[in-house]
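The values are calculated or read from the model by the stated rules, or taken from the named source; none is laboratory data. Here the structure is a predicted model, which is why all the values come from computation and not from measurement. Quick reminder, even Gly has a Cβ in these numbers, built from the backbone with ideal geometry, and neighbours come from all protein chains shown.
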Amino acid sequence: MVKPQRPGANNGKKKGPLKGTGGLGRKSLEGRGPTPKAEDRAWHPAGKRKAAAERFAASGGKGRPGGRPNNASNQNRSSKAKAGDETENVTGRNSVLEALRAKIPATAFYIAQRVEMDDRVKEMLSIATHRGIPVMEVTRQELDRMAGFDGVHQGVALKVPPYEYAHPQDLLEQVIGRGELPLFVALDGITDPRNLGAIIRSTAAFGGHGIILPQRRSAGVNSAAWKTSAGAAARIPVAMATNLTTQLKEFKKQGVFVIGLDGGGDVSLPDLALADRPVVIVVGSEGKGLSRLVTENCDQIVSIPISGATESLNAGIAASVALYQVSTVRAQLAGK
């Protein structure tokens, strides 16, 4: 008796002539050869870096690999924002209005639907319309997204190009050319853009002429700095130094005195005797303070007297107190 087979089972009988695969099975087992190196894979980060380096070499070595300008070049003394070529969103009524008044080359002005119209908003609309800046009416949710997690937009935003940094030497020459007594603030490792914005605002309030940032390990002028500066970033120039220590040495050669702020300084701020001279005030990082090399190149290390119950001051507040002291001394000397 023949046992019935289940449906689809092979009964072991082959029909037709037997044929081989022509070697296809063997070839499939051979694989695709050795795995390409990471730099030879276009989608891999190493491959992208290689392609950028090749473009850099093909361009004759101009700029930095990746197409961003070399802000250390003396031939091109201005540089774009560190973040690359992306635009920034300036938010808040004071910041946006100051940017428009300063004729920052904005590309779009955003205003919330049914926004409360005060004199500042009316002036913003007037300036934007007169300059031909596109005015976009958007939802508050869209402005929330543009302002970021902790941003406050007050119903307005302005899209601006990357910040153009000046060169420290240009700032010094401009101030001296106007016959003014230089007063700069240099930031040694300040990484919080809100502290940078606060220092820009204080520099503007107390008659300072500019901010100097190191190229590395420093906050840049981004939307958070713009917001905290309350628009002062449109009036106070920010310069970028390739190396802060080297730049401070250059300033000293040209008669600028370098004052470092540190809690353990050997001179108390009220006793500072250099306020009536060309000065650059150096503020250290939020955690470590002044670096060793910067400290070695300061003419004086100055401490701010504070209550023993407080361990230290925020970098932005310390800069404000020092700027106020210098401006007060200069005002008293000018009044004599």
Based on what the data block shows, is ILE200 touching a residue at least 24 places away in the same chain (Cβ under 8 Å), within 21 Å of GLY284 (Cα to Cα) and not in a helix (DSSP H, G or I)?
no
Within the stretch 220-229, does at least one residue satisfy the condition of being under 25 Å from GLY289 (Cβ atoms) and free of Cβ contacts under 8 Å to residues at least 40 places away in the same chain?
yes
Out of GLY207, GLY197, GLY189, GLY220, I need the residue that is surrounded by 24 or more Cβ atoms within 10 Å (Cβ to Cβ), assigned by TED's automatic domain parsing to the domain that holds PRO278 and touching a Lys or Arg at 6+ places or on another chain (Cβ under 9 Å). Which one?
GLY197
Give the residue that is farthest from ARG120 (Cα to Cα), with candidates limited to residues of the stretch 222-276 that are basic (Lys, Arg) and modelled with pLDDT under 90.
ARG235
Which numbered condition LEU100 misses (of (1) farther than 30 Å from GLU286 by Cα; (2) in a helix (DSSP H, G or I); (3) over 21 Å from the mean Cα position of the chain (by Cα); (4) not acidic (Asp, Glu))
(3)
So LYS253 clears everything in (1) without any contact (Cβ under 8 Å) to a residue 24 or more places away in the chain; (2) closer than 19 Å to VAL302 by Cα except one condition, right? Which one?
(2)
For the stretch 134-170, what are the residues that are modelled with pLDDT of 90 or more and surrounded by 15 or more Cβ atoms within 10 Å (Cβ to Cβ)?
HIS167, PRO168, GLN169
Can you list the strands (runs of 3 or more DSSP E) found entirely within the stretch 217-327 that contain at least 2 residues being within 21 Å of ASP192 (Cα to Cα) and among the β-branched types (Val, Ile, Thr)?
279-284
Only one of (1) under 21 Å from the mean Cα position of the chain (by Cα); (2) closer than 16 Å to LEU323 by Cβ fails for GLY220. Which number is that?
(2)
